[in-house]
Amino acid sequence: MSTTITGGTVGYLAPGKYIVSVPGKTDQAFFVADDTQVYGAGKICGGSRCTLDQLETATKKAAVTADVTIKKGVATVVRERRSAGSGTGAKGVNGTWLGNVGYLAPGKFTVSDMKGVEQAFYVADDTKVYGAGTICGTAGSSGTTRCTLDQLESAAKKGVSAKVVISGGVATTITEDH
């Protein structure tokens, strides 16, 4: 059985050993293995997939906010959280896109417009996702249903048409086209 610690602060303890802290909860130490998947959002690395060396270097400098999935004391996934709009230094696109939503990596997606132009974006815990039968909910119903990020991830892996509102590179709402 695995446990996912969301929004924790990951710190370096020793080579291959880290600690994740969440206010009000017991700190959890964990190891990494060669098959631990590490995904960055700016601090660990700029791209989506990072190396264990990049995780070590980043966490030696400063703690990193991340979601960590741990199985038997070993992290299977460490996914850095994009820092919520850090004022004037916040980078990322703003706007509304209507098109096909595709999956890139945990927490990272693309939306392609009718001309095939792709825009990458992240999701956050407060991203609102609404389905109309593909992401979640009932096809053919008049309204939309609130969905989870896991349901979005599953649907995006197959492709789903939606309206995506992006602020600072992070989706605020994703509404399935119906």
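Here are a few things to note about the model shown:
- Accessible surface of the range 1-132 [probe 1.4 Å, protein heavy atoms]: carbon and sulfur percent: 50
- Solvent-accessible area per residue for the chain (1.4 angstrom probe, square angstrom): 54
- Projected onto their three principal axes, the Cα atoms of the range 22-174 cover extents of 49, 36, 30 Å, largest first.
- Relative to the longest principal axis of the Cα atoms of the chain, the long axis of helix 52-61 makes an angle of roughly 70 degrees.
- If you sort Lys163, Lys72, Lys157, Lys17 by accessible surface, 1.4 Å probe, largest first, the order is Lys72, Lys157, Lys163, Lys17.
- Taking every protein chain into account, the 1.4 Å probe leaves Ile166 with about 10 Å² of accessible area, to the nearest ten.
- Computed per residue of the chain from DSSP H runs no shorter than four, each worth -39500 (n - 2.57), the mean residue ellipticity at 222 nm is -3500 deg cm²/dmol.
- Taking only alpha carbon atoms, the range 105-156 gives an Rg to Rh ratio of 1.00, where Rh is the Kirkwood radius.
- Square roots of five times the Cα gyration tensor eigenvalues for the range 9-73, Å: 17, 13, 11
- The lysines whose alpha-carbon is closer than 22 Å to the alpha-carbon of Lys163, local same-chain residues fewer than 8 away aside, are Lys91, Lys108, Lys115, Lys128.
The values are calculated or read from the model by the stated rules, or taken from the named source; none is laboratory data. Just so we're clear, the structure is a prediction, and the values are computed from it rather than from any experiment. The protein model used for the area step is the full one, side chains on, heavy atoms only, and it has no ligands, DNA or RNA in it. Shrake-Rupley method; radii C 1.70, N 1.55, O 1.52, S 1.80 Å.
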